[in-house]
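> Provided herewith is a single structure, encoded as structure tokens, for subsequent inquiry.
The values are calculated or read from the model by the stated rules, or taken from the named source; none is laboratory data. Given the structure is predicted, the values throughout are model-derived calculations rather than measurements. Please note: Cβ atoms are built from the backbone with ideal geometry, for glycine as well, and neighbour counts cover all protein chains shown.
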Amino acid sequence: MGGGLRIGIDLGGTKTEAVALAGDGRELARRRVATRRGSYDGTVRTIRDLVEGLEAELGATGSVGIGIPGTISPRTGLVKNANSTWLIGKPFDRDLEQALGRPVRLANDADCFALSEASDGAGAGFATVFGVILGTGVGGGLVIHGRLVGGPNAITGEWGHNPLPWPEGDEHPGPRCYCGRNGCVETFLSGPGLARDHGGGLSAEAIATAADPAAQAALARYERRLARALASVINIVDPHVIVLGGGLSRMDRLYAAIPRLWGEWVFSDHVDTLLRPPRHGDSSGVRGAARLW
């Protein structure tokens with residue numbers, strides 16, 4: 001299609017981004033709009049309009065890959081595990097194919113992020129890369145020797161819906177999660193989770209830059225929780241590098257604090273796993289979606 005033109009869509013909880021890449025990976029065009037929260041038909045139309053807008057701008061058609069905050073169930077063919085809950089139970093890929101008039105490929109947004117960073121980002125050259133999303137939700141993706149790992153349940157890397165390990169103080173049973181359980185990693189480490197823990201009416205972004213004692217205490221709790229949660233991942237996967245993505249990955253303090261803390265819970269005498277920010281920043285998920293073809 002279109003001489004190698006590849007279009008990627010990153011459907012986030014607050015924004016939907018589209019990028020068009022040339023066959024060699026060069027970025028040709030980009031667009032970003034607000035996500036139509038709560039509207040399934042609106043979400044389909046938004047993606048259709050983004051794709052058609054990019055193609056009109058470039059005068060070519062391309063393949064379309066889409067990262068979503070969930071996954072397609074291998075059993076039913078319908079969306080499951082989406083914190084954008086209006087997608088759950090919908091034949092999203094088929095409806096998009098009908099709207100666009102061509103095949104599309106869908107993958108979990110964290111998988112797209114991990115694939116991008118393992119291909120030509122902060123994880124390039126490493127044998128095992130665990131990509132993390134810390135945003136409206138918490139997700140993960142695993143790339144081994146350059147290949148995205150998927151399992152029979154399509155849930156590889158879903159560490160956000162394990163319980164927060166080694167709970168401290170009042171962390172048990174933990175906040176209620178949209179998945180129906182309490183104390184999921186996501187309820188503590190997502191942006192809304194940080195805002196809830198702070199309790200002062202500030203957004204996660206505002207807390208990250210605030211200097212008052214309440215914000216600093218919330219950030220210290222966040223760091224300790226993130227260190228425990230990633231230590232559990234290291235104990236299972238033992239990745240060479242963990243790359244953080246999502247809005248909370250922009251907190252520079254994490255990259256010094258977490259490796260200093262996580263050794264307390266990693267089952268090893270030394271931790272050689274690296275923790276890195278994304279090379280492509282907010283663009284990584286959408287670049288990975290384009291690479292699904």
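> Can you report the number of residues in the range 103-118 which are in a loop (DSSP other than H, G, I, E, B) and touching a Gly at 6+ places or on another chain (Cβ under 9 Å)? Break it down stepwise before answering.
If we filter the range 103-118 for residues that are in a loop (DSSP other than H, G, I, E, B), which is where we start, we get 103-104.
Still in the running and touching a Gly at 6+ places or on another chain (Cβ under 9 Å): 104.
Qualifying residue count for the region: 1.
> With LEU254, LEU248 as the choices, which residue is crowded, with 20+ Cβ neighbours inside 10 Å and in contact (Cβ under 8 Å) with a residue 60 or more places away in the chain?
Details: LEU254 fails: in contact (Cβ under 8 Å) with a residue 60 or more places away in the chain.
When all the criteria are applied, what remains is LEU248.
> Checking SER84 against (1) over 19 Å from PRO278 (Cα atoms); (2) modelled with pLDDT of 95 or more; (3) of a type in the set (Gly, Ala, Ser), only one condition comes out false. Which one?
In the conditions (1) over 19 Å from PRO278 (Cα atoms); (2) modelled with pLDDT of 95 or more; (3) of a type in the set (Gly, Ala, Ser), SER84 misses (2) alone.
> Provide a single number: the residues in the range 257-293 that are surrounded by 15 or more Cβ atoms within 10 Å (Cβ to Cβ) and in a helix (DSSP H, G or I).
Applying the first criterion (surrounded by 15 or more Cβ atoms within 10 Å (Cβ to Cβ)) to the range 257-293 yields 257-259, 261-262, 265-266, 271, 273-280, 282-293.
Next, from what is left, pick out any that are in a helix (DSSP H, G or I): 257-259, 261-262, 282-290.
Counting residues in the range 257-293 that are surrounded by 15 or more Cβ atoms within 10 Å (Cβ to Cβ) and in a helix (DSSP H, G or I) gives 14.
Okay, residues lined up against (1) touching a residue at least 24 places away in the same chain (Cβ under 8 Å); (2) surrounded by 21 or more Cβ atoms within 10 Å (Cβ to Cβ):
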site: HIS145; (1), (2): no, no
site: ILE155; (1), (2): yes, no
site: PRO163; (1), (2): no, no
site: GLY191; (1), (2): yes, yes
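> Further, regarding this structure: Do you know which of the residues in the range 126-143 that are in a loop (DSSP other than H, G, I, E, B) and either at pLDDT 95 or above or touching a Phe, Trp or Tyr at 6+ places or on another chain (Cβ under 8 Å) (or both) is surrounded by the fewest Cβ atoms within 10 Å (Cβ to Cβ)?
Start the filter on the range 126-143 by keeping residues that are in a loop (DSSP other than H, G, I, E, B), which leaves 126-127, 135-137.
Then keep just the ones that are either at pLDDT 95 or above or touching a Phe, Trp or Tyr at 6+ places or on another chain (Cβ under 8 Å) (or both); that gives 126-127.
Working: PHE126: 21, ALA127: 13.
Step by step, filter the range 126-143, then rank; the result is ALA127.
> Working carefully through the options ASP170, ASP197, find the one that is of a type in the set (Asp, Glu), surrounded by fewer than 16 Cβ atoms within 10 Å (Cβ to Cβ) and either closer than 24 Å to GLU264 by Cα or not assigned by TED's automatic domain parsing to the domain that holds VAL243 (or both).
Values: ASP197 fails: surrounded by fewer than 16 Cβ atoms within 10 Å (Cβ to Cβ).
When all the criteria are applied, what remains is ASP170.
> Is the range 35-55 home to any residue that is among the hydrophobic types (A, V, I, L, M, F, W, C) and surrounded by fewer than 17 Cβ atoms within 10 Å (Cβ to Cβ)? Walk me through how you get there before you give the answer.
Going through the range 35-55, the residues among the hydrophobic types (A, V, I, L, M, F, W, C) turn out to be 44, 47, 50-51, 54.
Restricting the remaining residues to those that are surrounded by fewer than 17 Cβ atoms within 10 Å (Cβ to Cβ) gives none.
No, the range 35-55 contains no residue that is among the hydrophobic types (A, V, I, L, M, F, W, C) and surrounded by fewer than 17 Cβ atoms within 10 Å (Cβ to Cβ).
> OK, next. Quick one: would you say GLY62 is under 15 Å from ALA18 (Cα atoms), in contact with a Phe, Trp or Tyr (Cβ under 8 Å, 6 or more places away or on another chain) and buried (at least 17 other Cβ atoms within 10 Å of the Cβ)? Can you show your working first?
Working: under 15 Å from ALA18 (Cα atoms): yes; in contact with a Phe, Trp or Tyr (Cβ under 8 Å, 6 or more places away or on another chain): no; buried (at least 17 other Cβ atoms within 10 Å of the Cβ): yes.
Against the criterion (under 15 Å from ALA18 (Cα atoms), in contact with a Phe, Trp or Tyr (Cβ under 8 Å, 6 or more places away or on another chain) and buried (at least 17 other Cβ atoms within 10 Å of the Cβ)), GLY62 does not qualify.
> Moving on. If you take just the strands (runs of 3 or more DSSP E) that sit entirely in the range 1-69, which of them hold at least 3 residues that are without any contact (Cβ under 8 Å) to a residue 40 or more places away in the chain?
Values: elements: 6-11, 15-21, 27-34, 63-68.
Filter on the range 1-69 gives 27-34.
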